[in-house]
Amino acid sequence: MPIQLNKALIGRELQPFVVTIERGKIKEFARAIGDANPLYLDDRAGQASEWGDIVAPPTFMTTFRDAAGDNTDFLRELGTDISRLLHGEQEFELHRPLRPGDTLLCRSRIVDIYEKTGRSGPMGFVVRETVATDKTGEIAGAMRHITVVRL
Amino acid sequence: MKYSRIYAEDVKVGDELPPLVKGPIQQIQLTRYAGASGDFNPIHQDHEFAKAAGMDDVFAHGMLSMGFVAQCVTDWAGPAAVRKLGVRFAAIVRLKDTVTCRGRVLGKSSKDDVHLVELEIWAENQRGEKVVTGKATVALPSRDG
C-alpha cells in the first residue's frame, strides 16, 4: 500500500519570510555552478553595467529559504521524508534582475498535491509557488517548484 | 566572442545557441552547490544515505543542472535578459556525467519596445539522453535603441 500524501495541505500558505540578497552569496552561487560571468563575480563590471551592480543568476531565487522554518515538520505533515523526494519541475519568472541589498518578502503557497503512476511506480507531486515582492510592493520574481515524492 | 551583445534583429527562428558543456560532475561540485544553494539533502552528498533511499549512488541536484542550462542561455543573451525559465528534470545526473546544454529559438515577438525571444532549452548527458527539458523567454535589446 503506497503512502498517502496529506491533501489537506492544498491551499496552505506557508509562513512568509524576508530575504536580503548578499553580494557574497551571489558570487558563491555562480561559482558553485561554474559560471564565471563577470556580471555575477566582478563588482567593477557590475558598476559599469546598466544595472549599476552585479546581478544574481536566473536560478538564484532557489536559495530563498525561511531561515526560521523547518522543512522536516512540513514533510512529516505531508506524510513523507526527505529521502523520498526528487525535483520534478522548476520555473522562474523574473520581473527584474536581483541585486545585492535587495530585500524581498517571500510568500509561498502549496497550490496542488496529486498522485500519478509512472514508469517507476506511484509518485506524488507537490506544487509550491513563491512570490517575492520588494519594499515598494512590486513583484521582483516568482517561482513554481514541483517536488516528486516516491510513494 | 563570449559575452558579446546580441540584438533582437540578429535572431531568427530556428537559430541554435552555442552548446555549453559542463562536467564531468564531481562530488566536490555537489558539495559546493549544497552550500551555495542551501539544499543540504544528504542524497546528493552521502553514498550510504542514497543507497538506503533506493538510489545507486548520490546524484546531482536538479537545480545544478538547471543552473547549467541557465548559463547556456545567459552566455548568449546576457545575465539580466532572462524573463522566464522553466524546466522538467527528465533524468538523474550522476557523478562523472558530462552535461551538454543546448537551446533553439522557437519564436519572437515585440510589444511596446520589448523584444522577447522564446527558446526551447535542454541538457543531455554523454549518452545523448535528455536530463533537462524546458523553455525560456529572454528580452533582447534592439539595434534601434
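The table for this structure:
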read-out	value
Around residue B:98: net Lys/Arg minus Asp/Glu count, Cβ-Cβ under 11 Å	+2
Sequence-distant aspartates and glutamates (8 or more away, or on other chains) whose Cα lies within less than 13 Å of residue A:27	A:35, A:42, A:43, A:53
Sequence of A:106, B:101 once ranked by neighbouring C-beta atoms within 10 Å, starting from the fewest	A:106, B:101
Net charge of neighbours whose Cβ lies under 12 Å from the Cβ of residue B:3, counting Lys and Arg as +1 and Asp and Glu as -1	-1
For B:142, B:4, A:108, order by how many other beta-carbon atoms lie within 10 Å, fewest first	B:4, B:142, A:108
Virtual paramagnetic centre 7 Å along Cα→Cβ of residue B:130, amide N under 11 Å, in region B:62-104	B:88-91
Net length gained if the chain between residue A:96 and residue A:4 were fully extended (0.36 nm per residue, minus Cα distance)	29.2 nm
Order of B:22, A:116, B:111 under a 10 Å beta carbon neighbour criterion, fewest first	B:111, A:116, B:22
Counted charge near residue B:71, where neighbours are those whose Cβ lies closer than 10 Å (Asp, Glu -1; Lys, Arg +1)	-1
Shape category assigned to chain A from the gyration tensor of Cα positions, a/c cut at 1.5	prolate
Helix axis angle, A:23-33 relative to chain A longest principal axis, alpha carbon, degrees	60
Within straight-line cross-link reach of residue B:130, lysines at Cα separation under 22 Å, skipping those fewer than 8 residues along the same chain	A:116, B:22, B:84, B:96
Stokes-Einstein D in µm²/s, Kirkwood radius over Cα pairs - region B:8-140 at 20 °C with 1.002 mPa s viscosity	137
Most fluctuating residue given options B:123, B:36, B:81, as computed from a GNM of chain B linking Cα atoms under 10 Å	B:36
Computed label-point distance, nm, for sites residue B:94 and residue A:112 using a 7 Å Cα→Cβ extension	3.2
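Values in this text are rule-based calculations from the coordinates and carry no lab data. These numbers come from a predicted model, not from an experiment. Neighbour counts run over all protein chains shown; Cβ positions are idealised from the backbone, glycine included.
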